[in-house]
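These notes are about the structure you will find just below.
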Protein chains: 2
Amino acid sequence: MTTFRARPVVVEMNHLPDPCAHCGARPFSVCSAIEDQDLARLAALAHPFTIEAGRSFIDEGDPAENFYNVTSGTAKLFKLLPDGRRQITGFAGAGHFLGLAVSRTYSFGAEAVETMRICRFSRPKLRVLLEDFPALERRLLEAASNELVAAQEQMLLLGRKTARERLASFLLARAEGQIMLPAGCSHAGRAEAISLPMTRTDIADYLGLTIETVSRTLTRLRTERLIEIPTPSEIVLRDVHALESLASGLN
Amino acid sequence: MTTFRARPVVVEMNHLPDPCAHCGARPFSVCSAIEDQDLARLAALAHPFTIEAGRSFIDEGDPAENFYNVTSGTAKLFKLLPDGRRQITGFAGAGHFLGLAVSRTYSFGAEAVETMRICRFSRPKLRVLLEDFPALERRLLEAASNELVAAQEQMLLLGRKTARERLASFLLARAEGQIMLPAGCSHAGRAEAISLPMTRTDIADYLGLTIETVSRTLTRLRTERLIEIPTPSEIVLRDVHALESLASGLN
DNA sequence: CGCGTGCGTTGACGCAGATCAACGCAGAAA
DNA sequence: TTTCTGCGTTGATCTGCGTCAACGCACGCG
């Protein structure tokens, strides 16, 4: 049980005897498709490591050699234009997978917002895993479908909502844990206080706005008593109903 | 921006002895995952329909009972806000599948742009098919991954590109068949003349603009000799390089 | 300590694209 | 034929958000 084999090229050695079995993110992640008795095989292919806040670990255009699974912390995923304009396409928290692309190269970049832990799988090894565990493929399809639904919702936001509506939508989505937590992990009640680990610049690039507009809009929501802003990275929702009607385009 | 009108659907019986084997869309579609000898089983579950131009066949919020596969023609997929603002999230041509949602209800609406033919599968039957043909599930995952990449590209467009850049991106994507044809069906050469079966309103709702801006921007691209507009629904690309640099955000 | 640097906020101003309005044209109906 | 209706184009004007600029504050460092 405590036997320990040396492994090839690992960023960080895996000291735990059974890391996947004790992974806090497993219930949320695609790894839950693997039964307990097969976890050792999963663990043998998973290379866990830590990424510090601000570090980028996927570059758009690089060969798509790895598949990642976030176990803690938060990443931002983004696309860039040559002149530096950036669109953040999503935030990935514990349980999220990254790098599903069919293409030979990554179509997006990824960078840690907070210090995070992720598991890396080489794509060939993932392929083997998928063949041996059809349930894993099913879970991936399910997860991809959910991502697609979220992406369409975001297109509606970017294409048709005003700045106020975008911020309201964003805050509510955060409150519902739709952004940082994996799909399927629904909370019974909605937290009124939400944390914003990302900067104003990140929020702006996620919502298709500028930092000034984000700041002004939040200030206005505060003066209208819809929210409180105890600190820049912490927001309390004071009038969830008003925010919801804003977010859905009414008013 | 337009308000949305729902219309009924035309149903049609399946008269052909072996429809899937003779389906022109099969090479492009997820159905290509099914081997020839198993096509009869696929055909037994597929209900082919014709849908007339302008008819809606999926309503957002309705129970997600069916899965669809487009065999010819074009559909637009969209999301609505209560006040009628609309965002078209994509156009689905031959080979495209629709209705993958994990959710109990559809998260988007769909309407025929041109008269189209589609195959309907009930979700329970699709589930059986997926269990019997793992390759089908793999193809679905592949297709969903490609959709996701396209969705991220569209988020970049909606969040960060100017009207000119959006139109240039749209025209080039049409020319490359990225919009109407399924992923993986790449043309060797790029067609210079492209058809626009959708209205200006549809283009505007796809690009997050108004019809006036679409019209003006196309006119400007014409006066700058980047395109020609023989008829409103037909456009010739005269300077692909200039359009490409526009679309990628240079200039 | 003073100084710099990064981040967020606020104000003044400008502009890309939205809004409001008019018109041309083709196809359908009478 | 005339009239109507839907679609696209064009012009005049407006405005939400971007741009440019200044400033406050917290934090780290010499």
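When +1 charges are put on Lys and Arg Cβ atoms and -1 charges on Asp and Glu Cβ atoms, the dipole computed for the protein assembly as shown relative to its Cα centre reaches about 900 debye. Placing a label point 7 Å from the Cα of A:S195 along the Cα-to-Cβ direction, the distances to the matching points in the other copies come to 5.5 nm, shortest first. The residues packed around A:L80, meaning those with a beta-carbon under 15 Å from its beta-carbon, carry a net charge of -3 if Lys and Arg are +1 and Asp and Glu are -1.
Peptide B:96-104 shows a mean partner chain C-beta count of 3 within 10 Å per residue C-beta.
Each Lys and Arg Cβ is given +1 and each Asp and Glu Cβ -1; about its Cα centre, chain B then shows a dipole of about 640 debye. Remark: the stretch B:61-66, residue by residue, has Karplus-estimated 3J(HN,Hα) of x, 5, x, 7, 8, 10 Hz, where x stands for each Gly or Pro and the curve is 6.51 cos²θ - 1.76 cosθ + 1.60 at θ = phi - 60°.
Taking a straight line from the alpha carbon of A:K125, these lysines sit under 28 Å away, with near neighbours fewer than eight places off in the same chain left out: A:K76, A:K79. Applying 1/(1 + (r/R0)^6) with R0 = 41 Å to the Cβ-Cβ distance of A:E35 and B:T105 gives a FRET efficiency near 0.85. Under 5 Å from the amide H of B:H96 lie the amide H atoms of B:V70, each residue being 5 or more positions distant or on a separate chain, with H modelled from the backbone and absent for Pro and chain starts. How big is the gap, in Å, between the Cα center of the stretch A:199-217 and the Cα center of the stretch B:123-173? Cα centroid to Cα centroid, the span is 27 Å.
Averaged over the residues of peptide B:134-143, the number of Cβ atoms from other protein chains lying within 10 Å of each residue's Cβ is 4. For the stretch B:120-126, 3J(HN,Hα) computed residue by residue from phi via the Karplus equation (6.51, -1.76, 1.60; θ = phi - 60°) reads 9, 10, 6, 4, x, 5, 4 Hz, glycine and proline entered as x. In this assembly of identical copies, the label point of A:I229 (Cα plus 7 Å along Cα-to-Cβ) is separated from its counterparts by 4.2 nm, sorted shortest first. Taking each residue as 0.36 nm, the span from A:T201 to A:T50 lengthens on full extension beyond its C-alpha to C-alpha distance by 52.0 nm. For B:G24, the point set 7 Å out from Cα toward Cβ sits 5.7 nm from its twins in the other copies, listed from shortest up. Computed over chain A with a Gaussian network model linking Cα atoms closer than 10 Å, the most mobile of A:Q37, A:Q87, A:Q154 is A:Q37.
With θ taken as phi - 60° and the Karplus curve 6.51 cos²θ - 1.76 cosθ + 1.60 applied, the whole-hertz 3J(HN,Hα) list for the stretch A:200-212 is 4, 4, 5, 4, 4, 5, 7, 9, x, 10, 9, 4, 4 Hz, x standing for glycine and proline. Averaged over peptide A:160-166, the number of partner chain Cβ atoms lying within 10 Å of each residue's Cβ comes to 3. Comparing mean-square fluctuations of B:M198, B:M116, B:M155 from a GNM of chain B with C-alpha springs under 10 Å, the top value falls on B:M155.
Where a number appears in this text, it was derived from the coordinates with a stated rule and is not lab data. Only a predicted model underlies this, so the values are computations on that prediction, with no experimental measurement involved. Cβ sites come from the backbone with ideal geometry, for glycine too, and all protein chains shown count toward neighbours.
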